[in-house]
């Protein structure tokens with residue numbers, strides 16, 4: 001701001017108190033429009049700094065530039081640290097993959113053919129059991145404990161509806177089969193998926209409804225990344241359905 005304009009603004013600020021005094025009879029010879037005082041009143045509460053000398057402006061700007069440069073150096077350091085962490089994680093992943101390959105080869109040698117396949121199958125079964133439980137825990141129902149001991153067919157139907165219309169709903173995946181984790185929440189896909197599933201579930205039991213508060217994105221991500229890849233092994237898809245049915249029964253079974 002030119003020095004002349006600064007001087008005028010300071011002068012106007014000095015007249016501001018006189019203007020605010022209701023008993024003041026002061027006439028402002030150099031003020032064309034008294035709205036200037038309304039403007040001063042508006043900006044007075046803002047975080048503004050006034051200057052009377054160019055030296056004050058120079059000192060203020062130096063302080064601002066020093067702070068900006070400090071923040072810039074901190075950002076560079078943060079980016080470097082993040083890059084180092086990312087590189088470390090990548091190296092750990094690479095090491096883990098190599099170790100898995102070594103253990104895999106050693107296992108084949110020690111366990112021979114049949115023993116090795118059995119060991120792998122048992123590990124996959126444990127993985128499916130673990131993540132199936134997580135999925136069922138994430139599913140929130142309007143009412144729980146609604147099935148009686150003799151309603152196994154209803155539980156089986158419920159499992160198939162969850163499997164077909166929630167876990168494998170085409171709306172949850174793109175053309176390449178990648179889960180649309182962000183879109184599920186951002187575009188309201190979860191509402192569409194749950195409505196479709198709930199329309200089917202009503203035919204099983206009127207009180208059987210999946211709540212929209214269920215984290216569909218996390219459910220789909222667990223199913224796609226942790227469970228579905230294991231289906232390439234014979235029998236594991238059927239095992240997952242059995243595990244899903246069993247855990248849904250435990251969640252929805254009426255104890256009394």
Legend entry - Checking residue 147 against (1) within 30 Å of residue 210 (Cβ to Cβ); (2) at pLDDT below 70, the condition it does not meet: (2)
Legend entry - Test: residue in the range 184-196 that is in contact (Cβ under 8 Å) with a residue 12 or more places away in the chain, touching a strand residue (DSSP E or B) at 6+ places or on another chain (Cβ under 6 Å) and outside any loop (DSSP other than H, G, I, E, B): yes
Inset, instruction - Consider residue 190 carefully, then state whether it is under 16 Å from residue 141 (Cα atoms), assigned by TED's automatic domain parsing to the domain that holds residue 137, within 28 Å of the chain's Cα centre (by Cα) and at pLDDT below 90. - result: yes
Inset, instruction - Name every residue in the range 40-79 that is modelled with pLDDT under 70 and part of a helix (DSSP H, G or I), in order of residue number. - result: 40, 41, 42, 43
Inset, instruction - Identify all residues within the range 208-244 that are over 20 Å from residue 123 (Cα atoms), surrounded by 14 or more Cβ atoms within 10 Å (Cβ to Cβ) and in contact (Cβ under 8 Å) with a residue 60 or more places away in the chain; write none if there are none. - result: 208, 209, 210, 214, 215, 218, 219
Legend entry - Scan of the range 226-248 for residues that are modelled with pLDDT under 90 and either assigned to a loop (DSSP other than H, G, I, E, B) or closer than 16 Å to residue 136 by Cα (or both), ordered by number: 226, 233, 234, 235
Inset, instruction - Return only the number of the condition from (1) within 20 Å of the chain's Cα centre (by Cα); (2) under 17 Å from residue 243 (Cα atoms) that residue 133 does not satisfy. - result: (1)
Legend entry - Out of 142, 112, sole residue that is outside the structural domain of residue 208 (by TED's automatic domain parsing) and either modelled with pLDDT of 90 or more or surrounded by fewer than 15 Cβ atoms within 10 Å (Cβ to Cβ) (or both): 112
Legend entry - Test: residue 168 is surrounded by fewer than 18 Cβ atoms within 10 Å (Cβ to Cβ), more than 20 Å from residue 231 (Cα to Cα) and modelled with pLDDT of 90 or more: no
Inset, instruction - Any chance you could count how many residues in the range 159-182 are out of contact with any helix residue (DSSP H, G or I) (no Cβ under 6 Å at 6 or more places or on another chain) and outside any loop (DSSP other than H, G, I, E, B)? - result: 7
Legend entry - Failed item, numbered, when residue 155 is tested on (1) assigned to a helix (DSSP H, G or I); (2) at pLDDT below 80; (3) touching a strand residue (DSSP E or B) at 6+ places or on another chain (Cβ under 7 Å): (2)
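The values are calculated or read from the model by the stated rules, or taken from the named source; none is laboratory data. Treat the numbers as computed from the prediction; the structure is a model and nothing was measured. Note: ideal-geometry Cβ built from the backbone for every residue, glycine included; neighbour counts use all protein chains shown.
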